[in-house]
Structure formats: C-alpha cells, structure tokens
Amino acid sequence: MSRAKQSMDGNTAAAHVAYAFTDVAAIYPITPSSPMADTVDQWSAAGQENIFGNQVKVVEMESEAGAAGAVHGSLAAGALTTTFTASQGLLLMIPNMYKIAGEQLPCVFDVSARTVATQSLNIFGDHSDVYACRQTGFAMLCETNPQEVMDLSPVAHLATIEGKVPFINFFDGFRTSHEIQKIEKWDYADLKEMCNMDAVEAFRAHALNPEHPAMRGSHENGDVFFQHREACNTAYNELPAIVEKYMAKINEKLGTNYDLFNYYGAEDADRVIVAMGSVNDVAEEVIDYLTAKGEKVGLVKVRLYRPWVSEAFLKVLPKTAKKVAVLDRTKEPGALGDPLYLDVATTLREAGLDTIVLTGGRYGLGSKDTPPSSLFAVYKELEKDAPKSRFTIGIVDDVTNLSLPEVKPAPITAAEGTVECKFWGLGGDGTVGANKNSTKIIGDHTDKYIQAYFQYDSKKTGGITISHLRFGDKPIRSPYYINQADFVACHNPSYVTKGFKMVQDVKPGGVFMINCQWSDEELEHHLNAAAKKYIADNNIQLYTINAIDKAIEIGMGKRTNTILQSAFFKLANVMPIEEAVDFMKQAAKKSYGKKGDAVVEMNYKAIDAGVDAVHKVEVPASWSNPAADPAPKKLTGRPETVKMVEDLMNPISLMDGDSLPVSAFMGNPDGQFEHGAAAYEKRGTAVTVPTWNAEKCIQCNQCAFVCSHATIRPFMLSEDEVKAAPSNIKVADTKPKASEYKYTMSVSPLDCMGCGECITVCPVGAIEMVPQESQADEQPVFDYLVANVSKKPGMPADNTVKGSQFNQPLLEFSGSCAGCAETSYARLITQLFGEHM
Ligand code: SF4
Ligand code: SF4
C-alpha cells in the first residue's frame, strides 16, 4: 500500500491519528505535548472530519486535572475522548486515570514523554512521567520515531475500543515529538476500515443515559472491593492478543513487522540491549556498524510496555544471549533497579534463565543526548566477564562511579552519504524558521530523506537555538545531536566572541560559516586559540558572510535569515544552487505575494545576495600554533556566588554544561543555588535599548516600575557619588524641587531585553530606543550605581510608585521573555518588602 509522504514531526503524526478516532478532545497545554492539542484544535476549527464523519469537539480546561476529569465525564457520556499531555500534567491526571481504567472506558492519552521536576524543573524528555503511571491500569504503547508514531498510534486507538483498556500512547518528548522527518501518512479510509465499528457502537450504547439510567462509581467495603478489583484481570489478559491483531492488520497494509517486542541485530547475538523510545534507532545504527565487523550484538525493542507479556519478550530474545543490558530513561532513587530492568529481571528469573548476566543502565534524563558513543560503551561493557550491574551513560559520574567510559568521536554510524548541518542562532532571529523552510524545500522537491531537530534552551526568546539538519538518499535514523558536521553556521557573531565551541563540531575538511561584519584581520582577533587551532589542523573551509549590513542595504533591517539560508545552499552542496534559489524564490512568492511585488522583490534580492556574499577566508598556517587567549576577567562579588558562577554557570552559559561531572553538583544535590548569578551573565541579547533624556524626564519612575527585568533604575546621588561616577554619567537636579542630591535614570544595556515597555509607559517621551552597541559606555555607569549608590533620606515613601523604585530589586535580570508581565510584579514585591517579605 502506498501512502502520501509529508514532512512532519512526531506530535503532528500523533495528532493526525488521534483526530481520526476522536469525538471529544479535552486539553490543557504543556510542553512538549501542546502542539498535538493545538493542531487538533486547528483542524477542528477548519471543519476537518474524523473517521465517523464528525468534527472533533475541543474543550480546553483549567488544568490537566480538569482535562482528565472532562475526559472521564465525556467517556461516560459515550464520546470517544482523547487528551494530550506530559510530565507534571500527566501526573495531575493520575487520580482520574485510575477511575477511567477501573471503569473500563476506552480512550488514548497521547504523551510526549517528559521529565518530572525533581531537584529542578526540566521541560525536556525522559520517561519519568509515563513510568509514574504504571499502576493506573492504563496500557502503554511506545514508539521510536515520527514514522512509528504515525504507523502505530492507530493500534492504541483500535485496541482500546475493542479491549476496553485505556492507553497511554507515548514517544520521546522533543526528540520524537519535535523531530521533523519525511514520513508516510495514513489515509483515514484505511484507519476506518480497521476500526471495529460494532465495538464503537457497544461503547456508545454503554453511555450513561437518563433514558435507561444506571449507577457508576459506587462505594464498596472490605468485604467485596478486593475480589471485584480482580474481576478486571481478564481484560488485561486478553488485551495483548487484541494489540497483536491490530499490529498484524497494520503490518499487512504497510509491509512492516511491528510486534509487542521486536528484535534487531545478529541472529546469534550474545550481547543484547533492551530499550524503548528513540534510543532504539541509535542502537540500530551501532548494531549495523558492529555486526558488519562480525560482532554478535542485538536489541530488543519494547513496544507494548503494559501489559507486559513475558512470553512475547522471550520469543524475540535470541537463545544465544549471554549478557543483557536494560536501558531505562528514568531514575527511581533507592530502588533495586529502574522499572524496565525489573520487568526484564523478573521475566528471565521466571523463565529459569539464571545464567544470563543482566545489567541495568540509565540514560537520557532531561533530554541528555544519547549518541552512538553511549551505545558503543554499553556493548563494550558487556564484553567484560563481570560488567557493571548498574551503570549510566552520557555523563561522567565521578562520585558513585556508575558511568561507563565513552570514546569520542565515535565512528560515524549515520547512513552513508548523509549530509549533516548545524546552525547556531538566537531565539527569534529567524534561523529556525529558515531551516524549517530549507528542509521543506529539500523534502518536497527532491527524493531525499530529511531530518530536522531544533535544540533550544529554556530561556525562550533571546536564548540560543541550535538547528540540526540531516539530508540523505537513504532513510535517516540518527536521533542525536550532530557533532561531526559537514557544515556549521554561526548566525550570531557574539557566539564567536563568547567562545562557544562551534567549529569543533565540523568534521575535517568541512565548512564553517560565520555571519559577521568583521574583516579577516578582525576575525583573527575575535576567534579564540582553540578555534583557530582546530580550523588549521583539520583543514576546515572557513567562510564569512556579512548578512547584517546586506540585510540593511536591501531594506530587510535585522532580518538576515533569508540571506543566510541561500548562503547555506551555496556552501553545503545538498542540491544544485540554481535549483535551491529557484525553490526559495517560489516559497518567497507564496509567502509574501499578498504583501505586494516590492516585498517579494526584496526577498529575491536577499536570496541572490546570500549566494554572492560568502567570502572564503584564507587560513594562515600560524593558526596551528596560535597565541594564548588573554586570561578571563577576575569576577568580584560574594565569594559563594562567584564560585558558583565560575564552576557551574560559566560552562553552562558557554553551552558546555555537558562537560560537567556529577561531582560539580555535590555542593547542592538538592538544587539550591546562590542568589545573584544572573547579574554575571550579561546576555546582551537586545537589539535596541533605551537611552534617557535628563532634561525631558519628570522623574516619575514609571519606566523602572514596569521593567520586567529590572534593567532601568533611578538613583539619587550625593555630590561625592557624582564625582566618583564614570564621567559619562547623566544627572539632573531633582524634580519637582531641586535638592542636595542629583537624579539619574540608568540602563544596563547588556541585561536589557529590548522589550520597549519603559518607552510605552513614559508620559513625556524622555526615553528612546537606540542600537545596543551605541550604549556600551552606559554599562560601567549602571554597574557603578548599583554597587555604590544607596537610598537617601527624604525620598518618596516606599509604598509609592516613585519611592519603591529607589529600593534595590532582589529579583533582577530574569530570564523570562522580553516584557514578561509576571516578573515585574515579583520584582516589585521585593522592592516593597525587602529581604524579609
Ligand atoms: S526595554 Fe524593556 S527590558 Fe529594557 S529597560 Fe525598558 S522595560 Fe526594561
Ligand atoms: S517614565 Fe519617563 S519621565 Fe518617568 S522617570 Fe522614566 S524616563 Fe523619566
């Protein structure tokens, strides 16, 4: 059966299937599941029909607990109901999940599995949320990649309708939910054909209905509750066969071999990994590499996690297996082992397979990348006579010594001919959008396979984005970061001056392109010694492009992304540049046609400019032995804070947090940090920042009152304080009456987020936005004032707008989005009530 191909992520694939089988979607947004609910809502609003010929009714509730309650009620009323969630959201649903499962109501919760907050919040992926639901009575089905989400999600819907056991249908948050692949899509006619309509009718007929009333949710005492509870066993015993039946139907349509467990690798493997989720694709690549060299390794992929079917597991485990490593993507502190390990241990024990050496490993918590080097390390460990019984991969645990050593760089295991590209951008600068557009161009106009994954930090706007794009003629698995790229682009020159390790991810002979306004001499000055040495020693093809000035010249202002996109096509050689330019221009016409010919023409110019403006830098031989970098500036301040900034925050800010070992956190295993570290970060992300006009200002302090980031602040200075200040300080007599003090309003240009809230609120236009670079001299003024100038007697009362702003804010430089409405309140409370609020 041939299906239409489309580029989409795992969330869209899950939404496509969920929509087909859903009457009602009760939703509440939570990262990374929100796009599923959002997409279903959009399709519903557009009038799309499910396989029953109806539009899905979407109801957004006040919380995930409310959404689960609405699911329960809607199911009881006979509507096939779905929800989408993750992490704490899923945990909030647990009480209702017990009731839904206990009342044998068929439904599917699509979960993009995400970390549950412990010592800190983490919005990224692991399986700690779904594992926390093991006891609810929900069945659990797991998929490995976006194609599997598309292929297998119908199994959850079809099996729940027939088996009356509700399902968690889950896949890895971010890695699968947000990874874009060109995949084959179900036609709803095929889904309808597989659906047991008699079971659907029976479910609807079972609805609570005043025409034939019944009672549910009663109370039972100790005399009957237990035996009544055991009455559900049959449904769970029968469910695996129902799942197998629908997998077989799907296999028949697609030519696949999906099963409760699938085996991959050498038929006579002696070393076997057991895992579920996206790590299976990494393991497959490593297995292909190792078996080609004659090694006997394999993988058991878990698909139906609950109910756990030991016979099905044992059926696929090679009889030759001598050592088994079970990988869990969660941590159950104090347990004998993590959950999947315990399931496998029990299975082997009950089957009498006591001679198999069983080990348990933990990986990927909070979206820790799991590259091939981690899987090579597991198989290597299993070669030992006595491998570690418990281990971790992907980190260095120098405290409890659980981690396995990993050799990097590991052999390249991606499909032969895959082109790997990596882009460093700034949240909101258009890099991610341009890369999505590039993958669409390549995916839609060539036979190539594509994979696009976008790595964000949680600072949202103004944070770093790293786009990982792969293109190839063979199917792409590789669910891990690119670190041996053919092409790396740095779209923000500040990343070079900050010293991010970017070029080190280019493979020997590859291309490194920097967007900057620098001459070659200036570039030499800004690149650090390690980068120069790597470039020279590895024959890196170094290019610069001044998209910043080019964009201004063309009339596109700060929007450099189109120019950089065509520069990528020119240098990365993924497709002929003439065709790429043509497709980019077609896309620009489609996107901007309604805005008029002038806008389209401007985009055409930007596309042509990107091709022409790349400049090859001749790398001097001297870069092989570069001069040492100047010593970093000594930090001052509270010793505890400085230590924390140097030991933890600086490597994290340099995107090098992966290098920190467990011992780095032994000072604060509970997640408590020193205050005041944000003041050291100096992100410098604002394009424009305010400048103050001392004459116009009426000194109302409203600008400081609204600033979410505490980056514009008023001060009163004595004569001595004015004298001691940097000479460029601007001061005015105090208003409405002159006094012995001078007044100033100071801005921290490197902390300001450029939101413009202060400009909006100023009643007299006494501040205006100017380019951030032009205000570099203001930073020492701001730093001097914060460090040296304190409150003066006779200032307006603390509980006034004006008076409160002379108080030191104890929440400053928050990493919230620019102009966030919440942080200004939190900051104000600290100014009103101080340290002891
Ligand atoms: S632009 Fe926004 S962040 Fe910057 S000082 Fe004004 S209010 Fe604060
Ligand atoms: S809001 Fe305007 S007038 Fe008021 S203190 Fe700020 S700059 Fe001055």
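The values are calculated or read from the model by the stated rules, or taken from the named source; none is laboratory data. Since the model is a prediction, treat every value here as computed from it, not as a measurement. Cβ placement follows ideal geometry from the backbone for every residue including glycine, while neighbour counts extend to all protein chains displayed. The protein model used for the area step is the full one, side chains on, heavy atoms only, and it has no ligands, DNA or RNA in it. Shrake-Rupley method; radii C 1.70, N 1.55, O 1.52, S 1.80 Å.
Overview of values
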item: Coil-residue GluC sites (Glu not before Pro) of the range 347-416, DSSP, other Cβ within 10 Å capped at 14; result: Glu383, Glu416
item: Loop-located GluC sites (Glu not before Pro) in the range 19-86 whose Cβ has at most 11 other Cβ within 10 Å (DSSP); result: Glu62
item: Span from the the range 211-265 Cα centroid across to the the range 91-156 one, whole angstrom; result: 16 Å
item: Probe 1.4 Å, accessible area per residue of the range 688-836, Å²; result: 47 Å²
item: Leu402/Lys57 FRET efficiency (R0 41 Å; Cβ-Cβ; nearest 0.05); result: 0.25
item: Estimated vicinal HN-Hα couplings, Hz - the range 825-837 in sequence order (Karplus 6.51, -1.76, 1.60; Gly, Pro = x); result: 5, 4, 4, 5, 4, 5, 6, 7, 10, x, 5, 10, 5
item: Residue-wise HN-Hα coupling along the range 79-93, computed from phi with Karplus coefficients 6.51, -1.76, 1.60 (Hz; x: Gly, Pro); result: 9, 5, 10, 10, 9, 9, 6, 5, 6, 4, x, 5, 5, 5, 7
item: Percent accessible area from carbon and sulfur atoms, the chain, protein chains only, probe 1.4 Å; result: 53 percent
item: Cα gyration tensor, the chain - rounded (a/c under 1.5), prolate or oblate; result: prolate
item: Qualifying lysines (Cα of each under 19 Å from Cα of Lys589; at least 8 residues distant if same chain); result: Lys436, Lys440, Lys605
item: Under 12 Å, Cβ to Cβ, from Lys57 - net charge with Lys/Arg +1 and Asp/Glu -1; result: -3
item: Calculated FRET value between Ser458 and Asn538, using beta carbons and R₀ = 30 Å, to 0.05; result: 0.40
item: Length released on extending from Lys585 to Met837, taking residue separation times 0.36 nm less the Cα-Cα span; result: 84.9 nm
item: Accessible area in square angstrom per residue, the range 639-680, 1.4 angstrom probe; result: 60 Å²
item: Proximal lysines to Lys696, defined as alpha-carbon separation beneath 27 angstrom and excluding residues fewer than eight positions away on the same chain; result: Lys723, Lys730, Lys735, Lys737, Lys742, Lys791, Lys792, Lys802
item: Listed residue pairs exceeding 29 Å between alpha carbons, taken from Lys301/Lys388; Lys253/Lys585; Lys5/Lys192; Lys249/Lys380; Lys253/Lys323; result: Lys253/Lys585; Lys249/Lys380; Lys253/Lys323
item: Candidate aspartates and glutamates - alpha carbon under 13 Å from Lys422, same-chain residues fewer than 8 apart omitted; result: Asp486, Asp505
item: Theoretical FRET efficiency, 1/(1+(r/R0)^6), r = Cβ-Cβ of Glu211 and Lys315, R0 51 Å, to 0.05; result: 0.60
item: Amide H contacts under 5 Å for Val396, placed H, 5+ residues apart; result: Val662
item: GluC sites (Glu not before Pro) within the range 259-307: DSSP coil, no more than 11 neighbouring Cβ in 10 Å; result: Glu267
item: Inter-part distance where the range 347-399 and the range 495-513 are each reduced to a Cα centre, Å; result: 32 Å
item: Accessible area per residue in Å² at 1.4 Å probe, computed on the range 419-624; result: 42 Å²
